[in-house]
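Each value in this text was obtained by applying a stated rule to the coordinates, not by laboratory testing. What you are looking at is a predicted structure, and each value in this text was computed from that prediction instead of being measured. Every residue, glycine among them, receives a Cβ derived from its backbone with ideal geometry; neighbour counts consider all protein chains shown.
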Amino acid sequence: MTALAIQTTPRLPQVPRPIIMIGAGGIVNDAHLPAYKKAGFPVVGIFDLNRQRAAQTAAAFNIPQVFDSLESAVASAPPNAVFDIATPASALPDILPQLPDNAAVLFQKPMGENLAQARRIYTICRQKNLTAAVNFQLRFAPFVIAARSLIEQGAIGSVHDMEVRVTVYTPWHLWKFLEQVEYVEITYHSIHYLDLIRSFLGEPGGVYAKTTRHPATTNIDSTASNIILDYGPTIRAAISTNHNHQFGLTHQESFIKWEGTKGAIKAKMGLLMNYPTGVPDVFEYCILEEGTEPQWQTLSIEGSWFPDGFIGTMSSLQCFVEGSADVLPTSVEDVINTMILVDAARRSNETGAVPVTVPATGK
């Protein structure tokens, strides 16, 4: 077998641009800013509605400016700044119009909390000629970059099966704003997997979905989902999530699996298990060799989904803006299709299953 060169890190910009951070919540402190520090990306200012929180974040990450308003953040931004927005999706239609025309902007997923809002956001970005990307960092997790590298080299042949399975306990109380969101699990979590599968397999012909709430949960709309994407008769794509497994790590699962005509890849997403502490990721692959038994190999990969995936989303935007990359993978033009798929999954949940009529015993 030809030796494989497995890539695990994203392309970085030749000259990193200054970043204006909008938002100072948990995801910013736990992922955005640690990622940018690791990559050497300069964050020159930060704004949050809670100024004290912004000041604490600035002190922790040596950010030189704390702004009192979004207007002052925009006015003080360097001409080549990238605006990084980490707020609830519902705030995007109010924030984006205040940014300079022609600006580069990265904002957290989802691209709105429903399809109508996504289309509004898309329209604002086009009207202002923003180079806008959505922070679907799972595409840039080191284990996903490695899987894509193997697949693009043809190592596992043609992919005909892609599965995501998550059986964990998620502490939803950490994100109070989610209590106001419909279809929370699909819109804020499984959206990652819908987007990821699209990035590997393209656009599905349809979707079947059912999302449910745990009987003891009253403040969160949904906490588990089963989703099947229709790619025709020879490709299976499935997502199964259960965020209610409160029974310890013994039987928790969190993985993405790709199966091809020549091999398979399985990536354990350790972050989601025992969250937020997490457990180590594991990346395994098996390539079929004629005349030998299948052998699984483990590749040691540095970094994880958090924070390293956040390097990739910011890098891809900066590389595209500077011209060192021809494609912006998570552009609003691409991600609007993820939002269409999310909407289709939500509508599938409402239409229900095909009724099954079971005859009475003996008839």
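Below, the figures for the structure above:
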quantity	calculated
Inter-label distance for S149 and L249, nm, one decimal - labels placed 7 Å from Cα along Cα-to-Cβ	2.7
GluC sites (Glu not before Pro) lying in DSSP loop within the range 265-323, provided at most 10 other Cβ fall within 10 Å	E290, E302
Dimensions (Å) - the chain, Cα atoms, principal axes, largest first	75, 55, 40
Cα centroid of the range 241-288 to Cα centroid of the range 322-337, whole Å	28
Theoretical ellipticity at 222 nm over the chain - DSSP helices of four or more residues, -39500 (n - 2.57) apiece, nearest 500	-8500 deg cm²/dmol
Residues of the range 119-133 with amide N under 20 Å of the 7 Å Cα→Cβ point at A91	119-122, 124-125, 132-133
Percent RCO, i.e. relative contact order, over the chain, from Cα pairs under 8 Å lying at least 6 residues apart	21
Share antiparallel - DSSP beta bridges, the chain, percent rounded to 5	60
Table column - 3J(HN,Hα) (Hz), the range 69-78, Karplus curve with 6.51, -1.76, 1.60, x for Gly and Pro	8, 5, 4, 6, 5, 5, 5, 8, 5, x
Estimated distance in nm for a label pair at H160 and E203, the labels positioned 7 Å out from Cα along Cα-to-Cβ	2.6
Column: log10 I(q)/I(0), Debye, Cα scatterers of the range 224-291, q = 0.29 Å⁻¹	-1.27
Spatially close lysines, pair count over the range 139-304: Cα under 29 Å, gap of eight or more or interchain	7
At R0 = 30 Å, FRET efficiency that the Cβ-Cβ distance of R51 and E302 yields, to 0.05	0.25
Rel. contact order, % - alpha carbon contacts under 8 angstrom, at least six apart, the range 139-304	28
Nearest 10 degrees, 0 to 90: helix 308-322 Cα axis against the chain principal axis	60
Folded to 0 to 90 degrees: helix 332-351 orientation relative to the chain principal axis, Cα	50
Alpha-carbon centroid distance for the pair the range 147-189 / the range 1-45, whole angstrom	21
Calculated over the range 139-304: convex hull of Cα atoms, volume per residue (Å³)	128
Contour excess over end-to-end distance, with Cα ends at N129 and E322 and 0.36 nm allotted per residue	67.9 nm
Calculated FRET efficiency for the pair Q7/E293, C-beta based, R₀ 25 Å, to 0.05	0.35
Built amide H within the under 5 Å cut-off of N274, gap 5+	Y169
Angle in degrees between helix 115-127 and the longest Cα principal axis of the chain, rounded to the nearest 10	40
